[in-house]
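Working notes for the structure below.
The values are calculated or read from the model by the stated rules, or taken from the named source; none is laboratory data. All values reported here derive from a predicted model rather than from experimental measurement. FYI the Cβ positions are ideal-geometry reconstructions off the backbone, even for glycines, and counts take in every protein chain you see. Surface areas here come from the heavy atoms of the whole protein model, side chains and all, with no ligands, DNA or RNA. Shrake-Rupley method; radii C 1.70, N 1.55, O 1.52, S 1.80 Å.
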Amino acid sequence: MDSSEPAAGAPPSPAQTPDDTPVNLQAAYEGAQVQEVLEQLDRELIGLRPVKTRIREIAALLVVERARKQVGLSTTAPSLHMSFTGRPGTGKTTVAERMSQILHRLGYVRKGHVVTATRDDLVGQYIGHTAPKTREMLKKAMGGVLFIDEAYYLYRPENERDYGAEAIEILLQVMEANRDDLVVIFAGYKDRMDVFYQSNPGLSSRVANHIDFPDYTAEELLAIAKLILAEENYRLSEEAGAAFAEYIVRRMQLPFFANARSIRNAIDRARMRQANRLFNRISSLPITKRDLMTLEAEDITASRVFAGEVEGLDPSQPITE
């Protein structure tokens, strides 16, 4: 066999492929079913336009890279390690799951699963404990995405006996050596993550995609609430809708606000109040399917948020008043 001939199954070389060779990007895009994942992301998450735009850009890059290989254009695997910054409840975990599906469908990772880790999963408490813990989590994530939440806790320079630096060093080695089969996503509050990267220049240089997740607006949070309620076969009466809009504005001003997570918690408590309200009238008034589905204003306004308090922090306090 002529040594100039490509091996069986190998992509053609650029010299063997004319420059005017047609490339069907649309077919590559549709064949990987990436559009399906992006549409699912649009359905699942309200707002977050800058985030969705960036994910679409990454997907486009991967489709083009795939097409380049098919016509023999050599390329190195793009660095896909990411940083997701933003407050809790802004959709970071959901986006990580969808990103992993996109990577899998385009052949950049073998499995497309997400393994979530925190400092406790990676860092040991004594000498010799950190390396096996970190490598075990990396082994579980191989072929998919390792999502490290509150990643800044890995680095504690004030503690000389802390082993977080060892975990970071192992992460750096594996991120570089396995960039074609593992994507690591570091997540947390933006200000703390900025300090984290400044303290670890080697890590910062390996994270090519920094995506900031903005807080939701009050209007977006109300839309999220209605989406959650519809999925669970509930709805707000007209008065309850107005009350919940007011609830959101008030809750956003209080401590420990967690965007969509706080909204889901509020809905769970409103459902408890609705159930209690219906239960208390079972012997006096008939109950219809509409009653079972509808949250009324009183189910919302009974929240201590309307008194300027964060409901749910004290488990000894009742949900209903």
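Label point of LEU254 set 7 angstrom out along Cα-Cβ; within segment 285-319, amide nitrogens under 18 Å from it belong to 297-319.
Ellipsoid semi-axes for segment 105-250, based on the Cα gyration tensor and the rule √(5λ), read 37, 20, 15 Å when sorted largest first. Amide H to amide H, with H built 1.01 Å from N, VAL114 comes under 5 Å of VAL145, counting only residues 5 or more places away or on other chains. For the chain, a Gaussian network of Cα nodes joined below 10 Å ranks ASP194, ASP149, ASP212 by mean-square fluctuation, and the top entry is ASP194. Phi angles across segment 112-125 convert, under the Karplus curve 6.51 cos²θ - 1.76 cosθ + 1.60 with θ = phi - 60°, into 3J(HN,Hα) values of x, 9, 10, 10, 9, 9, 10, 3, 4, 7, 10, 10, x, 9 Hz, Gly and Pro given as x. Computed over the chain with a Gaussian network model linking Cα atoms closer than 10 Å, the most mobile of LYS140, LYS52, LYS92 is LYS140. Quick check on segment 44-91: take the gyration tensor over C-alpha atoms, sort the square-rooted eigenvalues as a ≥ b ≥ c, and tell me if it's rounded (a/c under 1.5), prolate or oblate. Since a/c reaches 1.5 and a/b is larger than b/c, the shape of segment 44-91 is classed as prolate. Say the cut-off is 30 Å between C-alpha atoms; which of LYS111/LYS226; LYS133/LYS190; LYS133/LYS226; LYS52/LYS133; LYS69/LYS111 go over it? As for pairs spanning more than 30 Å Cα to Cα, those are LYS111/LYS226; LYS133/LYS226; LYS52/LYS133.
Summarising the amide proton neighbourhood of GLY86: residues at separation of 5 or more, or on other chains, whose placed amide H is nearer than 5 Å comprise GLY188, TYR189, LYS190, PHE213. Rounded to the nearest Å, what's the spacing between the alpha carbon centres of segment 237-264 and segment 143-161? Just the number, please. Centre-to-centre distance over Cα atoms comes out at 32 Å. Computed with a 1.4 Å probe over protein heavy atoms only, the accessible area of GLU220 comes to about 50 Å².
In this structure, the amide hydrogen of ILE185, modeled 1.01 Å from its nitrogen in the peptide plane, lies closer than 5 angstrom to those of MET82, LEU146, PHE147, ILE148, counting only residues at least 5 positions away or on a different chain. Taking a point 7 angstrom from the Cα of ARG161 along the C-beta vector, which residues in segment 127-151 have backbone N less than 18 Å away? Within reach of a label on ARG161, which here means backbone N under 18 Å from a point 7 Å along Cα→Cβ, segment 127-151 contributes 127-131. Taken about its Cα centre, segment 227-321 carries a charge dipole of roughly 180 debye when the Cβ of each Lys and Arg holds +1 and the Cβ of each Asp and Glu holds -1. One quarter of the convex hull surface built on the alpha carbon atoms of segment 98-190 amounts to 6.0 nm², the projected area averaged over directions.
Report, in deg cm²/dmol and to the nearest 500, the calculated mean residue ellipticity at 222 nm for the chain, where each DSSP H run with n ≥ 4 adds -39500 (n - 2.57) and the sum is divided by the residue count. Per the formula, -15000 deg cm²/dmol. When +1 charges are put on Lys and Arg Cβ atoms and -1 charges on Asp and Glu Cβ atoms, the dipole computed for the chain relative to its Cα centre reaches about 460 debye.
Dividing the convex hull volume of the alpha-carbon atoms in segment 174-274 by its residue count gives 145 Å³ per residue. Averaged per residue, the chain has 53 square angstrom of accessible surface, using a 1.4 angstrom probe with ligands and nucleic acids left out.
Highest mobility in the GNM of the chain, judged by mean-square fluctuation with C-alpha springs under 10 Å and restricted to ASP215, ASP19, ASP162, is found for ASP19. The Stokes-Einstein estimate for the chain, based on a Kirkwood radius over Cα pairs and taken at 20 °C with 1.002 mPa s viscosity, is a diffusion coefficient of 93 µm²/s. Each of GLN26, LEU48, ILE58 was placed along the dipole of segment 11-104 (beta-carbon charges, centred on the mean Cα), and the one lying farthest toward the positive end is LEU48.
For the chain, carbon and sulfur atoms together expose 51% of the accessible surface, with a 1.4 angstrom probe and every protein chain in place.
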